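One structure is given here, and the rest of the page talks about it.
The values are calculated or read from the model by the stated rules, or taken from the named source; none is laboratory data. Everything numeric here is computed off the predicted structure, so don't read it as measured data. Here Cβ is always computed from backbone atoms with ideal geometry, including for glycine, and neighbour counts include all displayed protein chains.
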């Protein structure tokens, strides 16, 4: 077994750039919230609602493409570089289709707002915001496919550099488009969506520059253009669909919660969104550790080293808990200062400050389930975690949210009831998915079946 300190060093070598990249990506959402919130509370609520739709759709199709990472990682461990080229060519076709489908969904969201009786002023901004974002979604999906190629081969630094560059461009673009500088119309919160679409195409341009470099020559992915090949796309779908569904199961509950809270007014939505934004920022480091675990475990499995793969999984889980506890402590100590960055509205400030107490405990369980899920992806175990996530968030979490929030069995608890339900959902997911990781990582037969045999997971 490889020494623990060596594995920790390898994990963090991969994870630190991914942490930075994820924080920069989240920073763009935070930037939207802060800049729209400083423009008006209605624009903040509109962007918040739009974001609550954008992220589940984005994560669904990104998860689909994310099958590239464990597939490339295992092929890299096995030194099968030409097959990596075949994988990424088909992954790009998958990404393009996903981007087009996602754009269609974003442009047809108005009936959902009408059904949920969302405030008209808020929904109008949200609909326009999503329409703007949709114009960049095909580019973003192709960006993810190429980025996951680099990640799977252990080159995670480009993700950091691209994301930081995108954030640096997003801030001035937001300001110009929100406030109508240089003779442009004053778009308000909708300007955040226009800027987001521009950034999506900018990221694709940068990642193309990266993956056409010499480091990727051995994959031969640029040697030819191949048409869609179902026999190669099918294994990606078998892995990727559950990944997308798992992410969507969690994100959609968060989004549906935001939509339900829309009935309580813009102030409640704004406070909830601020709390979710802060949680999202501190969730990025644990999420990055989960992504690093996917890469390292995939590489180990590709080498045929199941023992060190399990060691990597356990080390990643331990590191995640330490990072999450540090983040929770930071939020507790500086919660007032964090909230004040988003808005000057005293009512929103007070409510968001209270909700952050839920975030402190939520973060710890969310971090552990995310890393456990990432580790399982390294084994190509994606269907069972999907089922566990669906159960946790949709069978346990959402009904409990509604029961407590709307007072089905007692006094309505409002937004506090919804947050209790969210906490119970993520705690359930954490326990179940961690147990699944413990089982898979210690079962050689299951590892071989998932990674080298049939991709059918019917025999659990």
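Considering every residue within the range 363-372, establish whether at least one is farther than 30 Å from residue 238 by Cβ and at pLDDT 90 or above.
Yes - at least one qualifying residue is present in the range 363-372.
Yes/no per residue for (1) under 15 Å from residue 207 (Cα atoms); (2) surrounded by fewer than 21 Cβ atoms within 10 Å (Cβ to Cβ); (3) modelled with pLDDT under 90; (4) within 17 Å of the chain's Cα centre (by Cα):
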| position | (1), (2), (3), (4) |
| --- | --- |
| 102 | no, no, no, yes |
| 124 | no, yes, yes, no |
| 132 | no, no, no, no |
| 146 | yes, no, no, yes |
| 159 | yes, no, yes, yes |
| 171 | no, yes, no, no |
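Which ones in the range 67-86 are surrounded by fewer than 21 Cβ atoms within 10 Å (Cβ to Cβ) and not in a helix (DSSP H, G or I)?
78, 79, 80
Scanning for something assigned to a helix (DSSP H, G or I) and at pLDDT 85 or above, does the range 182-190 turn up at least one residue?
yes
Just give me the residues in the range 251-276 being modelled with pLDDT of 80 or more, touching a helix residue (DSSP H, G or I) at 6+ places or on another chain (Cβ under 6 Å) and under 19 Å from residue 369 (Cα atoms), in sequence order.
253
Restricting the search to the range 379-398, which residues are without any contact (Cβ under 8 Å) to a residue 12 or more places away in the chain and over 20 Å from the mean Cα position of the chain (by Cα)?
Listed by number, the list holds a single entry, 395.
Is there a residue being surrounded by fewer than 21 Cβ atoms within 10 Å (Cβ to Cβ) and in contact (Cβ under 8 Å) with a residue 12 or more places away in the chain anywhere in the range 291-300?
No, that holds for no residue.
For the range 35-66, what are the residues that are over 14 Å from the mean Cα position of the chain (by Cα) and surrounded by 23 or more Cβ atoms within 10 Å (Cβ to Cβ)?
35, 36, 37, 43, 44, 45, 46, 47, 48, 49, 50
Grab the helices (runs of 4 or more DSSP H) fully contained in the range 87-165, keeping just those with 1 or more residues being without any contact (Cβ under 8 Å) to a residue 40 or more places away in the chain.
Helices (runs of 4 or more DSSP H) meeting the threshold: 110-115, 120-134.
For the range 209-217, indicate whether the set of residues that are surrounded by fewer than 17 Cβ atoms within 10 Å (Cβ to Cβ) and not in a helix (DSSP H, G or I) is non-empty.
Yes, the range 209-217 contains a residue that is surrounded by fewer than 17 Cβ atoms within 10 Å (Cβ to Cβ) and not in a helix (DSSP H, G or I).
Of these, 263, 231, which one is more than 12 Å from the chain's Cα centre (by Cα), without any contact (Cβ under 8 Å) to a residue 24 or more places away in the chain and assigned to a helix (DSSP H, G or I)?
Answer to the check: 231.
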